[in-house]
Amino acid sequence: MAMNGQEYAEQLDALLPQGLAWPRESDARMRDLTRGLAEEFARVDARGDDLLREVLPSTTIEMLSDWERVAGLPDACVPSGQTMQERRAALLSRLAGTGGQSIAFFIELAAYLGFTITITEFRPFRAGVSHAGDALYNDLWRHAWRVNGPETTVIEFRAGLSAAGEPLRKWGNELLECVLNRVKPAHTVLLFGYGG
């Protein structure tokens, strides 16, 4: 935790040599000098604490654009005018995304982007394997799958995560669709279903 100006001033006063050339009275010019230095030391110390926050992509504010540059963002899926939360979510998604083709991978990727989804896989109806009441899909559905999500995902303004001037609410599923279409297996057909 950063020290404040008063604490630095006390330390500077304690480090001054003894003698008449180093007055310690509260109205002495030397005291004004140590107070001025102490405030600057406290400011620099606090900025050091800020830098620790900037080291993590999940808490960065000032260095977000640097993190985005390193991660190759924004990409074609990122709409212009994103909020800080959306930019941070896209960054975390890009950094954490190691790739995969499992249902769990796509659900986790959507969660990084701020979406709660489920996935439905379609299987062709097969005599002896399928049961009465199962959907009648043909072989064309073998490589189709559907992402199910709420009709609209609302991203709300959050203190500490959002910035001044951003909307209090933002909604839409375009980011989810773009990212999942980009990373889906090439031979598959991805469908999206929203709402009930």
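Table for the structure above
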quantity: The chain: angle of helix 84-96 to the longest principal axis, Cα-based, in degrees nearest 10; calculated: 70 degrees
quantity: Ranked list, fewest to most other Cβ atoms within 10 Å of each Cβ, for 80, 93; calculated: 80, 93
quantity: Angle between the chain longest axis and helix 29-54 axis [Cα atoms, degrees, rounded to 10]; calculated: 10 degrees
quantity: Antiparallel bridges, percent of DSSP beta bridges restricted to segment 64-194 (to nearest 5); calculated: 55 percent
quantity: Long-range amide H partners of residue 142 with built H, under 5 Å; calculated: none
quantity: Check: the chain dipole with +1 on Lys, Arg Cβ and -1 on Asp, Glu Cβ, in debye; calculated: 880 debye
quantity: Computed magnitude of the charge dipole of segment 5-54 (debye, nearest 20; Cβ of K, R +1, Cβ of D, E -1); calculated: 160 debye
quantity: Under 13 Å, Cβ to Cβ, from residue 116 - net charge with Lys/Arg +1 and Asp/Glu -1; calculated: -2
quantity: Whole-Hz ³J(HN,Hα) from phi, Karplus 6.51 cos²θ - 1.76 cosθ + 1.60, for segment 155-166, glycine and proline x; calculated: 10, 9, 4, 9, 4, x, 10, 9, 10, 4, x, 7
quantity: Gain upon complete extension [residue 33, residue 75; 0.36 nm per residue less C-alpha separation]; calculated: 10.0 nm
quantity: With at most 15 other Cβ atoms within 10 Å, longest stretch of the chain clear of loop GluC sites (Glu not before Pro) (DSSP); calculated: 63-150
quantity: Angle in degrees between helix 174-183 and the longest Cα principal axis of the chain, rounded to the nearest 10; calculated: 70 degrees
quantity: Cα extents of segment 5-54 along the three principal axes, largest first (Å); calculated: 46, 17, 12
quantity: Cleavage-rule hits (chymotrypsin sites (Phe, Trp or Tyr not before Pro)) in segment 88-138: DSSP loop, at most 11 neighbouring Cβ within 10 angstrom; calculated: none
quantity: Per-bin percent of Cα-Cα distances, segment 64-194 [5 Å]; calculated: 2, 9, 18, 19, 18, 12, 8, 5, 4, 3, 1, 0, 0
quantity: Stretch in the chain that is longest and holds no trypsin sites (Lys or Arg not before Pro) that DSSP places in a loop and that have at most 15 other beta carbons within 10 Å; calculated: 25-125
quantity: Relative contact order of the chain, defined on C-alpha pairs under 8 angstrom at six or more residues apart (%); calculated: 16 percent
quantity: Cα coordinate range in segment 50-104, projected on the principal axes (Å, largest first); calculated: 38, 25, 18
quantity: Extreme residue, positive dipole direction of segment 64-194, given options 120, 89, 164 (C-beta unit charges); calculated: 120
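Computed from the coordinates by the stated procedures, all read-outs in this text should not be read as laboratory data. No experiment lies behind these values; they were computed from the predicted model shown. With ideal geometry, Cβ positions are generated from the backbone for all residues, glycine too; neighbour counts draw on all protein chains shown.
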